[in-house]
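Beneath this line is the structure, given in structure tokens, with notes to follow.
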Amino acid sequence: MTRLNAGRPESALDAARYAADREPTAEWPQRLISLAHERLGRDADALPAARRAVELSPGSWPARLRLASVLRRIPGRWQEAVEHAALAGKFAPEQPSPAVMLGDLALLRGEHVRAERSYRAALAIDPGNPQARVNLGLALVRWDPPRAHHDPAWPVAHRDTGRARRALEVWSRQVRLLPAIATLAVAAAALLLDWGAQARLGGFAVLALLVPLTVRHARRVTPWAYARAMLCRDPWLGVSVVSAALAIPAFAAWLLLGAVPALPPALDPVWAGLAGYVVLSWPALAAVRVLAETWRGRPLLALAETLPARAAERTARRNVGVLLWIVLGRTWTVLVALVGGALAVEPRAAVAAVAVPYPMVRSYLRARRHGDRALSAAAALVVLGAAGCAAGGLLGQAWPWRIGLGALLATAVVYAGRALLAWWRGGPGPWRSSMLMCDLPMGAEPSVPLDAQVRQTFSYARSIVLSYGDALGPRVAGAVAGVTSSGELRLIAETEAWRAIEEDPRVAVFASDPTQRRYWVEVRGVAQAGSDVLWVTPKEVLVGEFPGRHQRR
């Protein structure tokens, strides 16, 4: 594990394989082999070792968690991953990791409410868990994973659906762009050069060009059975495809109406509206998307949850910067709407603009060490814009209005420059998709060993007590126990204990050493029913001595 933490997965894999050869019945080396393969990007190679760990120790919650972590990356195994993560939570409800895994599984599928519930359950156990805090912020802001179109539960690989999505995206882009350019060109040729008939023929040629273009991209969409579900899972992709599909008949109808010798005046608005849709649908959709993404989720609450993890997790620092940009975008849109309404109705109402930046300023001061100079400049410009517009409404003079409106316009310029710089460098930009999940290794906790004295106690004990719980409360029963080579207990117990363990597998096994009468052992663990015995995987081992006569007094 030390080599894995040092970033040497190849060396860690060799060490884990050596440990597995030395102790073939131990499950921890198998989990380390699986984790090393996962770090190397070999998900298919990580699966056999994770399954072997569960087979060696079916009651081990880290083994179940390791298997769930591998299965979530394999197509068609999503539900199985959820089941193993739920079993890990049942085996170890006092641990936060199973709840975090369930939250990650829900978040990657876009189930934000369920993910939020799981992360809060993990934070109730461990308030400082960085992965739960960072990913809870993503759930609160309604973050979409990079492959939002793909359902991890589908048996098809995300590469296949990714190629299909790329084909649909490029097709919709080209189908909207070509008619828009052709519409502007036809209109310019008809109005400026009086070449209306020739220009319309060119427009029909562009329309005919869309047919082979559509056929070409349709051949790239191999998983047609998932196309509709992809459009539903990624609403913006669906809107883009539908908008492109409507642009084709709109462009054709615009050309046909333009070819009519004497167009009735009643159809002039229809003709102009078709041209407007073909030309302006793309920028209008982009503006609506930016506005919708800005007002989606609860960024202030997400910021409050993510900030405590910033010192321990680099991903948290990155997400905090994006969240501050989202808060700034909300503040800017509110100011623009408020100032525009004040200028149209009552200028003195702009005084309220001075209070709008307060949540943004408070969030900025709490996260002042973010290192983004563009964000600092944009925040200062927003405050200046609010103050200038408020002063203009209060004083009734023009120069404060000019300062305020100029600052708001400069804020948009700073944002555009920051976004363009991020696009040029290929780095994270001030938008929601730049946020990342925190994905720490799962299932790497070491096994609880049974030393030689504990093994001797269970091997020679004359009386062994099994403690379990049922609907009526805690119960005890006599049992016969033995220790396997892998460090698990094998128990023979009464039938009532088996029935109760199916509901709650947490048990405790107590034994005293007959060779050292004052020595006792208690093993707390998880019991799983085998063919004829109960297998108990240790979670905690307690040892002690019975009190002597002087202590009993």
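The values are calculated or read from the model by the stated rules, or taken from the named source; none is laboratory data. It should be emphasised that the depicted structure is a prediction, and the values quoted were computed from it without experimental measurement. All Cβ positions, glycine included, derive from the backbone under ideal geometry; neighbour counts span all protein chains shown.
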Legend entry - Criterion (modelled with pLDDT of 85 or more, assigned to a helix (DSSP H, G or I), over 29 Å from Gly388 (Cβ atoms) and not assigned by TED's automatic domain parsing to the domain that holds Trp195) met by exactly one of Ala253, Ala304: Ala304
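Quick grid of which residues meet (1) over 22 Å from Ala259 (Cα atoms); (2) outside the structural domain of Gly110 (by TED's automatic domain parsing); (3) under 13 Å from the mean Cα position of the chain (by Cα):
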position: Pro145; (1), (2), (3): yes, yes, yes
position: Pro152; (1), (2), (3): yes, yes, yes
position: Gly162; (1), (2), (3): yes, yes, no
position: Val170; (1), (2), (3): yes, yes, no
position: Gln174; (1), (2), (3): yes, yes, no
position: Val186; (1), (2), (3): no, yes, no
Legend entry - When residues of segment 466-509 are limited to those that are out of contact with any Phe, Trp or Tyr (no Cβ under 9 Å at 6 or more places or on another chain) and part of a strand (DSSP E or B), the one farthest from Leu56 (Cα to Cα): Gly473
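List the helices (runs of 4 or more DSSP H) inside segment 87-194, counting only whole elements, that have at least 3 residues being among the hydrophobic types (A, V, I, L, M, F, W, C) and under 23 Å from Thr214 (Cβ atoms).
Values: elements: 97-108, 112-125, 130-140, 158-192.
Ranges flagged: 158-192.
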Inset, instruction - Could you tell me which residue of segment 367-399 is surrounded by the fewest Cβ atoms within 10 Å (Cβ to Cβ), considering only residues that are touching a helix residue (DSSP H, G or I) at 6+ places or on another chain (Cβ under 7 Å), at pLDDT below 90 and assigned to a helix (DSSP H, G or I)? - result: Leu394
Legend entry - Residue match in segment 346-366 (condition: crowded, with 17+ Cβ neighbours inside 10 Å, in contact with a Pro (Cβ under 7 Å, 6 or more places away or on another chain) and of a type in the set (Val, Ile, Thr)): no
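Suppose the filter is assigned by TED's automatic domain parsing to the domain that holds Leu375, over 30 Å from Leu395 (Cα atoms), crowded, with 19+ Cβ neighbours inside 10 Å and not charged (D, E, K, R); does Val320 pass it? If you could, list the steps in order and put the result at the bottom.
On the way: assigned by TED's automatic domain parsing to the domain that holds Leu375: yes; over 30 Å from Leu395 (Cα atoms): yes; crowded, with 19+ Cβ neighbours inside 10 Å: yes; not charged (D, E, K, R): yes.
Against the criterion (assigned by TED's automatic domain parsing to the domain that holds Leu375, over 30 Å from Leu395 (Cα atoms), crowded, with 19+ Cβ neighbours inside 10 Å and not charged (D, E, K, R)), Val320 qualifies.
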Legend entry - Residue satisfying all of: in segment 205-232; modelled with pLDDT of 85 or more and hydroxyl-bearing (Ser, Thr, Tyr); nearest to Gly76 (Cα to Cα) among these: Tyr226
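Can we say Leu237 is touching an Asp or Glu at 6+ places or on another chain (Cβ under 8 Å) and either of a type in the set (A, V, I, L, M) or at pLDDT below 90 (or both)?
Details: touching an Asp or Glu at 6+ places or on another chain (Cβ under 8 Å): yes; either of a type in the set (A, V, I, L, M) or at pLDDT below 90 (or both): yes.
When the stated conditions are applied, Leu237 passes them.
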